[in-house]
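Undergrad: This is the structure I want to talk about, given as structure tokens.
The values are calculated or read from the model by the stated rules, or taken from the named source; none is laboratory data. These figures come from a predicted structure and were not determined experimentally. As a convention, Cβ positions derive from the backbone with ideal geometry for all residues, glycine included, and neighbour counts pool all protein chains shown.
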Amino acid sequence: MVALAGRLALARRAGYSLGNLLRGNCSSQGAQLFAGAVAGAFSSLVLAPTDAIKIRAQLDGSGALPALRRLLLLGGVPELFRALGPTMMRMIPASAVRTSCTAPHMQPCPSCSSACLCMY
């Protein structure tokens, strides 16, 4: 997490801010890479507990609630985030590259009136 905070601070000093990215004011390749990296980090952080529960349920052959109970008994809340580091190492670059490759091709969609990759 400390490394991620350092990277975010570096990006802010380079002129990239989440506000500008969300408003669409940054269209450079670097800004798109940054936006994708932040999205990948956030999704990894949010989905880590559900991923841990899913894996424990598959290993035990049980449901989600027994798996959650077992995880919490084994290591508490930190057990839900144990695999977060390797997951972020995979998701941050993958999400950054995917976003920077698809963002330039997004156009206003006549069917849903937002920028998307709908097949219209």
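Undergrad: Cβ contacts < 7 Å: first residue over 16 Å from residue 87 (Cα atoms), restricted to the range 51-72; second residue outside any helix (DSSP H, G or I) and not polar (S, T, N, Q), any location; separation 6+ or different chain. Result?
TA: Partner pairs satisfying both residue conditions: 57/63.
Undergrad: Moving to a separate point now. Among the residues of the range 1-28, count how many are in a helix (DSSP H, G or I), modelled with pLDDT of 55 or more and buried (at least 18 other Cβ atoms within 10 Å of the Cβ).
TA: 1
Undergrad: Taking the range 29-61 on its own, how many of its residues are surrounded by 15 or more Cβ atoms within 10 Å (Cβ to Cβ), more than 28 Å from residue 101 (Cα to Cα) and of a type in the set (A, V, I, L, M, F, W, C)?
TA: So the count comes out to 3.
Undergrad: Further, regarding this structure: So, in the range 67-86, how many residues would count as being within 15 Å of residue 47 (Cβ to Cβ) and of a type in the set (Asp, Glu)?
TA: So the count comes out to 0.
Undergrad: Here is a follow-up. Suppose we keep only residues that are among the hydroxyl-bearing types (Ser, Thr, Tyr) and surrounded by 16 or more Cβ atoms within 10 Å (Cβ to Cβ) within the range 62-101. Which one would you say is farthest from residue 30 (Cα to Cα)?
TA: 87
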